[in-house]
Amino acid sequence: MENTVLKNTLPETGFLRLANIIGDAKASPPIPAIIPVSKSTWWAGVKSGRYPKSIKLGPRITAWRVEDIRELIQNSPESLHGAGREGEEE
């Protein structure tokens, strides 16, 4: 089932912006989260190596490779919900 969802929502190749990964409920229409964590949790995970490194596409444009996000989802399902966040039990 998870692979079906990935095939229907993520392109084969390309880049994703942060709002496409963690979602944006305030957008019109709202963007559902692929990985439901907060922005600060995401950036802390990037810094620690839990989540993939970003790629700068321009001075104010940061994105992630779709292939890296697919690999993250397939190889570490516990990372998708911010497991191990500070102040939480695992």
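The values are calculated or read from the model by the stated rules, or taken from the named source; none is laboratory data. As the structure is a prediction and not an experimental result, all values here were calculated from the model. Every residue, glycine as well, gets a Cβ built from its backbone with ideal geometry; the counts of neighbours run over all protein chains shown.
Of the numbered criteria (1) surrounded by fewer than 11 Cβ atoms within 10 Å (Cβ to Cβ); (2) at pLDDT 95 or above; (3) not in a strand (DSSP E or B), the one residue 41 fails is (1).
Being under 19 Å from residue 76 (Cα atoms), among the hydroxyl-bearing types (Ser, Thr, Tyr), buried (at least 17 other Cβ atoms within 10 Å of the Cβ) and under 14 Å from the mean Cα position of the chain (by Cα) is a property that does not hold for residue 9. Cβ-Cβ contacts under 7 Å between residues 6 or more apart (or on different chains), taken from a first residue in region 5-18 that is closer than 15 Å to residue 52 by Cβ and among the basic types (Lys, Arg) to a second residue that is surrounded by 11 or more Cβ atoms within 10 Å (Cβ to Cβ) and at pLDDT 85 or above, are listed as 17/63. Kindly indicate the residue of region 48-70 that is more than 16 Å from residue 36 (Cα to Cα) and assigned to a helix (DSSP H, G or I) and also farthest from the chain's Cα centre (by Cα) among those meeting that condition. Going through the qualifying residues, I end up with 48.
Suppose the filter is of a type in the set (A, V, I, L, M, F, W, C) and not in a helix (DSSP H, G or I); does residue 21 pass it? Against the criterion (of a type in the set (A, V, I, L, M, F, W, C) and not in a helix (DSSP H, G or I)), residue 21 does not qualify. Taking residue 54, is it within 20 Å of residue 76 (Cβ to Cβ), touching a strand residue (DSSP E or B) at 6+ places or on another chain (Cβ under 9 Å) and either surrounded by 11 or more Cβ atoms within 10 Å (Cβ to Cβ) or among the aromatic types (Phe, Trp, Tyr) (or both)? Against the criterion (within 20 Å of residue 76 (Cβ to Cβ), touching a strand residue (DSSP E or B) at 6+ places or on another chain (Cβ under 9 Å) and either surrounded by 11 or more Cβ atoms within 10 Å (Cβ to Cβ) or among the aromatic types (Phe, Trp, Tyr) (or both)), residue 54 qualifies. Just to be sure I understand, how many residues within region 29-44 are in contact with a helix residue (DSSP H, G or I) (Cβ under 7 Å, 6 or more places away or on another chain) and under 21 Å from residue 14 (Cβ atoms)? So the count comes out to 5.
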